[in-house]
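To keep things clear, I will list the structure first and then write my remarks on it.
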Amino acid sequence: MKANFLLIIAFLFLTNCKREQKISSSDWEVISSRLQFKDDGGKLDVKSGNFTYSFQKNKVPFRKIILLNASLMGFVSELQAENVVIGIASPEYIYSEKIDHLLKSGKIQNVGNEQKYDVEKIISMKPDAIFTNYIASFDNTYQLLKNNNIQVIFLDEYMEQSPMVKTSYIKLFGKLLGKEKEAAERFNQIQKDYNDLKKIALQSTSKPNVLANEMYGDVWYMPGGKTFTANYITDANANYILKDNTEEKAVTMSFEEVFAKSKNIQYWVNAGNHLSKKEMLNINPFYGKLEVFNKGKIYGVSGREKQKANDFFESGVVRSDLVLKDYIKVFHPELLPDYQLTYMNEVQ
């Protein structure tokens, strides 16, 4: 009897847990396990990584924001909300011409760099919020800003490994910047184009083998099999060299390990921002031993680059459709005969 009673209690507990979970999940817009938000009419709640935020309706949309990461600018630019940006860290990494113009006109201020932010300047500017990736070594800086009633919002979109999940961060920016309708329209269009491109890629009967990234010193940082690079290659209907790997981060390999896996590779992508094979050989003579270096095709990501700024890491974070289109053009050029590469370039 006691055993039956305990079973009933356990069943009711599990049922209630499931019911509560269902209610909870229906309340929240779930972008990923790292980002969710909920608008209950009176306030906007946000869960981002290990951080939670609650914004009263009279506090959003934000009118003055500061960005400490170039990758986050892509979302703001896609919503044409550059006018709310009053400060940027490391502006030399920003590709946007509109932002460059606003910097030169003084409407946007330089607030330091990843080595040291100008905290006094930031406090004097009185932003509604600061957006940044969380970096533990800056905890003291973040706390000082919070102590001066400045809202610091941590977003780690760079940790997302699904291209469209990265893109969907635009929905939160839409909520926070008063561009909810525009964000929904842009996301829906990018998602449709992405899915249409995946179907186009499947029309090809060939499925080339692909190598990715490059060496830094003695280490080749190969994207894991579950990273966004691997997902792009798969969606573009190609075989990635580590497709069976289950890592969501870079896998460190020696040149010898890569060499052993690199036979019958037709394409090498994300090979830095090099402009020529000669330049690559000057950096690492071992590249010349790879079959793909001598007989295949190599593509870098300097198609839209100026000085230190590279748009692949800015608008490319949001425009997953264009990044996928580049990969398809590389692997299956016959499928997109009139398309010119946006972010990528062939290394000659």
> If you take the beta carbon distance between Phe51 and Lys289 as r and set R0 to 41 Å, what does 1/(1 + (r/R0)^6) give as a FRET efficiency, to the nearest 0.05?
Replying inline: 0.30
>> List the residues, sorted by chain then number, that are 5 or more residues from Gln151 or on another chain and whose placed amide H is less than 5 Å from its amide H.
In response: Ile130
> Taking 0.36 nm per residue of separation and subtracting the Cα-Cα distance, what length does fully extending Ser254 through Lys38 add?
Replying inline: 73.2 nm
>> Using 26 Å as the Cα-Cα cut-off, could you pick out the over-long pairs in Lys243/Lys325; Lys121/Lys166; Lys243/Lys289; Lys104/Lys171; Lys181/Lys329; Lys107/Lys146?
In response: Lys121/Lys166; Lys104/Lys171; Lys181/Lys329
> Which cross-chain or sequence-distant (5 or more) residues have an amide H under 5 Å from the amide H of Gly112, H modelled 1.01 Å from N in plane?
Replying inline: Ser90, Asp118
> Which trypsin sites (Lys or Arg not before Pro) does the stretch 50-125 hold that lie in a coil by DSSP with at most 16 other beta carbons within 10 Å?
Replying inline: Arg63, Lys64, Lys107, Lys116
> Ranked highest first by the average count of other Cβ atoms within 10 Å around their residues, in what order do 169-178, 134-143 fall?
Replying inline: 169-178, 134-143
> Which far-off residues, 5 or more places away or on another chain, put their amide H under 5 Å from the one on Val347, with H placed in the peptide plane?
Replying inline: Ile298, Tyr299, Gly300
> Which ³J(HN,Hα) values, rounded to whole Hz and listed in residue order, are derived for the stretch 243-249 from phi using the Karplus coefficients 6.51, -1.76 and 1.60 in 6.51 cos²θ - 1.76 cosθ + 1.60 with θ = phi - 60°, glycine and proline given as x?
Replying inline: 4, 8, 6, 10, 7, 9, 9
> What part of the accessible area of the chain, given as a whole %, is carbon or sulfur when the probe is 1.4 angstrom?
Replying inline: 50
> Going from the alpha-carbon gyration tensor of the stretch 206-347, what semi-axes, largest first and in whole Å, does one get by taking the root of 5 times each eigenvalue?
Replying inline: 21, 18, 16
>> I need the phi-derived Karplus couplings for the stretch 144-160: 6.51 cos²θ - 1.76 cosθ + 1.60, θ = phi - 60°, integer Hz, Gly and Pro marked x.
In response: 4, 5, 5, 5, 9, 6, 9, 6, 10, 10, 9, 10, 10, 4, 5, 7, 6
> In nm, to one decimal, how far is the Lys116 label point from the Leu202 one, both placed 7 Å along Cα→Cβ?
Replying inline: 5.6
> HN-Hα J couplings of the stretch 73-88 from phi, Karplus 6.51/-1.76/1.60, θ = phi - 60°, integer Hz, Gly and Pro as x?
Replying inline: 5, x, 5, 5, 5, 4, 8, 6, 10, 4, 5, 8, 7, 10, x, 9
>> Given a 1.4 angstrom probe, what's the average accessible area per residue across the stretch 79-147, in square angstrom?
In response: 54
> P(r) of the stretch 29-190 in 5 Å steps, Cα pairs, percent per bin?
Replying inline: 2, 8, 19, 22, 22, 16, 8, 2, 0
>> Which three extents, in angstrom, do the Cα atoms of the chain have along their principal axes, listed largest first?
In response: 73, 63, 40
>> If the reach is capped at under 17 angstrom between alpha carbons, list the aspartates and glutamates near Lys308, excluding any in the same chain fewer than eight residues apart.
In response: Glu92, Glu97, Asp100, Glu114
>> So with the 1.4 Å probe, I'd like the accessible area per residue for the stretch 206-347, rounded to whole Å².
In response: 46
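The values are calculated or read from the model by the stated rules, or taken from the named source; none is laboratory data. Note that the coordinates shown come from a computational prediction; the quantities given were computed from them, not determined experimentally. Methodologically, a virtual Cβ is constructed for each residue, glycine included, from the backbone with ideal geometry; neighbour enumeration extends over all protein chains shown. Heads up: the accessible areas ignore ligands, DNA and RNA and are worked out on the full protein's heavy atoms, side chains in. Shrake-Rupley method; radii C 1.70, N 1.55, O 1.52, S 1.80 Å.
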